[in-house]
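Participant: Sharing a structure with you now.
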Amino acid sequence: QVQLVQSGAEVKKPGASVKVSCKASGYTFTSYGISWVRQAPGQGLEWMGWISGYIGNTNYAQNFQGRVTMTTDTSTNTAYMELRSLRSDDTAVYYCARVGWGMFGFDYWGQGSLVTVSS
Amino acid sequence: QSALTQPASVSGSPGQSITISCTGTSRVVDDYNYVSWYQQHPGKAPKLVIYDVSNRPSGVSNRFSGSKSGTTASLTISGLQAEDEGDYYCSSYTSRKTWVYGGGTKVTVL
């Protein structure tokens, strides 16, 4: 069965960086893209960007341009999202999600990784 | 402010039907037929219930249906059940090859 398993919770200081991992299993990793979506406490969903599982090309949301880098490691079927220059309003649960085949919806999601930014 | 506008809350009694609207600019919703809907329960990851306007993923109840007219997409839940209570988000794939979300709608089963 398809699974996306994310790394654990992190606590970071303002100005630091965080790198969240998302290990995929149960499908051919290179055949699907991965998107990253975050959710601040009590708030809605915010799309951050997308990375191809095959070539690794990316497309980032304008709000995160210059501060986010998404990568993949096809040898371990793992996607990564690094966010730099963290601020307190980056405190959120970060989700990875697979873009479904032949669709533009996210059909499988990771369990989420809480990132807390606090001095 | 989200690019897609949803009502903050919608409620209904068990067995009733409710509809959640999702309105965006023409560039966001009208250009493509790629609107998705997600259900989220507290503390859980979102779950896809409708993709590409009106398609249901395998395993999703046929009580969920989607449609679109102009720049407004809609999610209808028929035969409302207690388990349908939660937050619902619409999302659209845009002409700039990005995704945008609505602000979310809290569904309450009375």
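The values are calculated or read from the model by the stated rules, or taken from the named source; none is laboratory data. Because the structure is predicted, anything quoted here is derived from the model rather than measured. Counting neighbours? That spans all protein chains shown, and the Cβs are built from the backbone with ideal geometry, glycine included. Side chains included, ligands, DNA and RNA excluded: accessible areas come from the protein's heavy atoms. Shrake-Rupley method; radii C 1.70, N 1.55, O 1.52, S 1.80 Å.
Participant: If you average 1/r over all unlike Cα pairs in chain B and invert the result, what Kirkwood radius do you get in angstrom?
Facilitator: 13.7
Participant: First select every other residue whose beta carbon is under 13 angstrom from the beta carbon of A:Trp101; then total the charges, Lys and Arg +1, Asp and Glu -1.
Facilitator: -1
Participant: Something else now. For A:Lys23, which aspartates and glutamates qualify as cross-link partners when the Cα separation must be under 12 Å and same-chain residues fewer than eight apart are set aside?
Facilitator: A:Asp73
Participant: Once amide H atoms are built 1.01 Å from N in the peptide plane, which residues 5 or more positions from B:Asn33, or in another chain, come under 5 Å H to H?
Facilitator: Under 5 Å from the amide H of B:Asn33: no residue qualifies.
Participant: Here is a follow-up. Tell me, what does the Kirkwood hydrodynamic radius of segment A:1-89 come to in angstroms if you use every pair of distinct C-alpha atoms?
Facilitator: Answer for segment A:1-89: a Kirkwood hydrodynamic radius of 13.8 Å.
Participant: For chain A, what does the relative contact order come out to in percent, with C-alpha contacts under 8 Å and a separation of six or more?
Facilitator: 36
Participant: In Å, the Kirkwood hydrodynamic radius of the protein assembly as shown over pairs of distinct alpha carbons?
Facilitator: One decimal place: 17.9 Å for the Kirkwood radius.
Participant: For segment A:1-44 and segment B:76-110, what is the centre-to-centre distance using only Cα atoms, to the nearest Å?
Facilitator: Each part reduced to its Cα centre gives a spacing of 21 Å.
Participant: Determine the residues within segment B:75-110 where the difference in accessible area between the chain on its own and the full set of protein chains amounts to at least 40 Å²; count protein heavy atoms only and use a 1.4 Å probe.
Facilitator: Flagged in segment B:75-110: B:Tyr89, B:Trp99, B:Tyr101.
Participant: Shifting gears a bit: How would you order B:83-93, B:7-17, B:42-52 from highest to lowest mean count of nearby Cβ atoms within 10 Å?
Facilitator: Taking the mean over residues of other Cβ atoms within 10 Å, the ranking is B:83-93, B:42-52, B:7-17.
Participant: Also, I was wondering about something else. What are the residues whose amide H is under 5 Å from the amide H of A:Thr116, where those residues sit 5 or more places off or on another chain and H is modelled from the backbone?
Facilitator: A:Glu10, A:Val11, A:Lys12
Participant: I would also like to ask the following. Leaving out ligands, DNA and RNA, calculate the buried accessible area for the pair B and A with a 1.4 Å probe, summed over both sides, in Å² to the nearest 100.
Facilitator: 1600
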